[in-house]
Amino acid sequence: MSESAMTEPAAQGELGTVVIGGGLAAAHCVHSLREGGYTKPITLIASENEVPYERPPLSKEFLQGNKQAQELEPFAADWYADTDVDLRLGVTAESIDTAAKAVSLGGSAPVGYENLVIATGCRSRLGGRNANMAGWDLPGVYTLRSLEDSKKIKEQLVSGKRLVIIGAGWIGMEVAASARTAGVEVTVITPDQVPLATAMGTEFGAHVAQLHIANGVQCRFGTAVSGIASDPEKGLVVQTPTGDIPADFVLLAIGAVPNNELAVAAGLEVGTGVVVDEYLRSSDSNILAIGDIAEAYNTTLGRAMRVEHWDNAIRQGKLAAATILGRDESYDWLPYFFTDQFDLGMEYVGDRGADDDVVVRGDMAAGEFVIFWLRQGVVTAAMNVNIWDVNDHLRSMIGKNIPVSTLQDTGNDLMTL
Ligand SMILES: Cc1cc2nc3c(=O)[nH]c(=O)nc-3n(C[C@H](O)[C@H](O)[C@H](O)COP(=O)(O)OP(=O)(O)OC[C@H]3O[C@@H](n4cnc5c(N)ncnc54)[C@H](O)[C@@H]3O)c2cc1C
């Protein structure tokens, strides 16, 4: 029998939606489809063995032991079974045949589709553009993307152990805070002068650096790592031009790479991610892409963007379902994300540019403040730090022309600005 003759559920007569990826975007897509009254077959192909879960706690509450694995699931395992979603855990989609409208799986028959949603997310970056970092695969060197990764790192969080974190982005700094809180001796290394430099600029980066230093994190900023080696006497050593740094374990936290390969092989248009329109449809109108993998056209900002954040994965999962259900909704919201490190909690909304003017409202030294970013007098982004229940209001200020003096004057009630 030919492969296409064996394809299911086409053989049973009805094609439905197949979602590839078992992350947050995929989970919200299938949930919104069923909640929206979709009655056709839904198949969710997930290469991990876990019921879809949220990743933000992997560097925070779960790593600190303050949340259990089951608490990370947006929808319990029973929900998939009860709503007739064919959840295939531990199964990897190997290729997409756009002509036959079928997805090939390792070890079982291909699955036919009417609509296909690609939600394959990202994987941890292991090195630069052309080569992995020397020593990335040594025992004791970790990356953090999955629940399994987080469990392995958690086992290492023993007071007095030495952790070197390579990279000072969100995941690096969050793990630094979690590990330090557990009494681990933490060193963070980055070639940048402050952490989070690319994501947030120098003002907030310097504030985060001070917070970590005050909590005992060793910060080796302006330092490039050349590789990781294993020394019979010292254990692991992280090599830098200014000397080796010994470690009991190392976290490589130098960013993420979108899992684009399936889409590229299928001949879809791919840029930094799978290129999709404001309805999340790719260059093949039967195929959508969502979450970290999607380079989607944002109607409010008037350009395509790829966003690696929790809120975006949820919303794009819901939007893909709306598109499949024939609803007239589009990708029109501004990027949003949050972090928690030591006693700092913050939320960001908007689309700051590297050259935007920075306006601080409140006292950064006191740890409670709002940062606004402005381009030619217009607010492009805002971030509330340790001030709560204001982010929706900050969102409403984006795109408005508000004088700097008004933004800075804490005598004005923020909620009336
Ligand atoms: C440690 C960590 C902390 C984070 N903290 C925050 C935070 O504080 N705030 C915030 O806004 N965002 C945070 N994020 C980012 C957020 O978790 C992601 O944006 C979100 O998970 C993206 O969801 P997704 O469904 O697009 O992709 P993913 O969650 O990456 O899921 C993709 C899934 O697809 C599977 N897959 C890939 N290829 C295939 C295939 N061929 N077949 C089958 N399955 C496949 C993968 O194994 C994976 O399970 C964090 C991420 C990490 C890793």
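Every number here is computed from the coordinates shown, using simple stated rules; none is lab data. Note that the structure is a prediction, hence the values are computed from the model and not measured. As a convention, Cβ positions derive from the backbone with ideal geometry for all residues, glycine included, and neighbour counts pool all protein chains shown.
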Debye, to nearest 20: dipole size of segment 343-416, +1 on Lys, Arg Cβ, -1 on Asp, Glu Cβ: 260
FRET E, pair residue 405, residue 272, Förster distance 45 Å, beta-carbon r, rounded to 0.05: 0.70
Label-to-label distance, nm, for residues given as residue 416 and residue 215 (7 Å Cα→Cβ offset): 3.6
Length-normalised contact order of segment 296-417 in % [C-alpha pairs under 8 Å, at least 6 apart]: 18
Cα centroid separation, segment 264-295 to segment 340-372 (Å): 33
Segment residue 193-residue 71, extension gain: residue separation times 0.36 nm, minus the distance between their alpha carbons: 40.2 nm
For segment 343-416, alpha-carbon Rg relative to the globular expectation (2.2 N^0.38 Å, N residues): 1.00
Rounded FRET efficiency, nearest 0.05, which uses the C-beta distance separating residue 366 from residue 393 and R0 of 30 Å: 0.90
Selection of trypsin sites (Lys or Arg not before Pro), segment 245-333, meeting DSSP coil and at most 15 other Cβ within 10 Å: 327
Net charge over other residues, Cβ less than 11 angstrom from the Cβ of residue 282 (K, R count +1; D, E count -1): -3
Proximal charge balance of residue 160 [Cβ under 14 Å; K/R count +1, D/E count -1]: +1
Distance (nanometres) between label positions extended 7 Å along Cα→Cβ at residue 224 and residue 130: 1.3
Spread of Cα-to-Cα distances over 10 Å intervals beginning at zero, given as percent, for segment 218-336: 12, 33, 17, 17, 16, 5, 0
Segment 141-256: antiparallel DSSP beta bridges as a percent of all, rounded to 5: 40
Extension reserve of the residue 203-residue 94 stretch, reckoned as 0.36 nm per residue once the Cα distance is removed: 34.8 nm
Residue with peak Gaussian network fluctuation, the chain [Cα springs, cutoff 10 Å], from 364, 173, 383: 364
GNM result for the chain, Cα springs below 10 Å: residue of 300, 223, 190 fluctuating most strongly: 300
Net charge over other residues, Cβ less than 10 angstrom from the Cβ of residue 417 (K, R count +1; D, E count -1): 0
Segment 141-256, dipole about Cα centre (Lys/Arg Cβ +1, Asp/Glu Cβ -1), debye to the nearest 20: 180
Relative contact order %, the chain, counting alpha carbon pairs below 8 Å whose residues are six or more apart: 14
Radius ratio Rg over Rh of segment 141-256, counting only Cα atoms, Kirkwood formula for Rh: 0.94
Relative compactness, the chain, computed as alpha-carbon Rg over 2.2 N^0.38 Å: 1.04
Estimated inter-spin distance, residue 283 and residue 49, nm [label 7 Å along Cα→Cβ]: 3.8
Of 126, 374, 325, the one that fluctuates the most in a GNM where the chain has Cα springs shorter than 10 Å: 325
